[in-house]
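Q: Just dropping this structure here.
The values are calculated or read from the model by the stated rules, or taken from the named source; none is laboratory data. If you're wondering where the values come from, they're calculated on a predicted model, not measured in any experiment. Positions of Cβ are generated from backbone atoms using ideal geometry, with glycine treated the same way; all protein chains shown enter the neighbour counts. Only protein heavy atoms, including side chains, enter the accessible area calculation; ligands, DNA and RNA are left aside. Shrake-Rupley method; radii C 1.70, N 1.55, O 1.52, S 1.80 Å.
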Amino acid sequence: QVQLVESVGGLVQAGGSLRLSCAASGSIFSISAMGWYRQTPGKQRELVASITNGGNTNYADSVKGRFTISRDNAKYTVDLQMNSLKPEDTGVYYCNERVWGTVINYWGKGTLVTVSS
């Protein structure tokens, strides 16, 4: 069974940095694209960043140049480095694992990031 466990988020001031990590169980990591999504009250969950098993990355326009997604295929982890944080980055961040070429998705439980102004 696939399990995704996110690191604890936290409270950070605007302009600050925070790094999120997600540990996957590993069984399908090598054939999966990994992603980070966020959700705020009243809004749909949105993609923040994703990375394929080959290392190709994709970012939401709102975070380009500030966030960096990376993965360690040996450790089955995916990280999200968040710099120059803004209050609008506040939300619950979810780790996602999608088996490449399929619609099979797995989700972590989410971790709260709060950016104060």
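Q: Could you tell me whether the range 94-116 includes any residue that is open to solvent by 80 Å² or more (accessible area, probe 1.4 Å) and touching a Phe, Trp or Tyr at 6+ places or on another chain (Cβ under 7 Å)?
A: Looking through the range 94-116, at least one residue is open to solvent by 80 Å² or more (accessible area, probe 1.4 Å) and touching a Phe, Trp or Tyr at 6+ places or on another chain (Cβ under 7 Å).
Q: Is at least one residue of the range 73-85 on the phi > 0 side of the Ramachandran plot, in contact (Cβ under 8 Å) with a residue 40 or more places away in the chain and in contact with a helix residue (DSSP H, G or I) (Cβ under 6 Å, 6 or more places away or on another chain)? Don't jump to the end; show me each part of the working.
A: As a first pass, look at the range 73-85 and keep what is on the phi > 0 side of the Ramachandran plot: 76, 84.
Within this subset, residues satisfying the condition of being in contact (Cβ under 8 Å) with a residue 40 or more places away in the chain are 76, 84.
Checking the rest, the ones that are also in contact with a helix residue (DSSP H, G or I) (Cβ under 6 Å, 6 or more places away or on another chain) come to 76.
Taking every residue of the range 73-85 in turn, at least one turns out to be on the phi > 0 side of the Ramachandran plot, in contact (Cβ under 8 Å) with a residue 40 or more places away in the chain and in contact with a helix residue (DSSP H, G or I) (Cβ under 6 Å, 6 or more places away or on another chain).
Q: Test residue 50 against the stated conditions and say whether it is surrounded by fewer than 18 Cβ atoms within 10 Å (Cβ to Cβ) and out of contact with any Phe, Trp or Tyr (no Cβ under 6 Å at 6 or more places or on another chain).
A: No, not satisfied.
Q: Right, another one. For the range 29-45, enumerate the residues that are out of contact with any strand residue (DSSP E or B) (no Cβ under 6 Å at 6 or more places or on another chain) and open to solvent by less than 80 Å² (accessible area, probe 1.4 Å).
A: 29
Q: Applying the selection to the range 63-84, what residues are loosely packed, with under 13 Cβ neighbours inside 10 Å and over 18 Å from residue 99 (Cα atoms)?
A: Listed by number, the residues that qualify are 64, 65.
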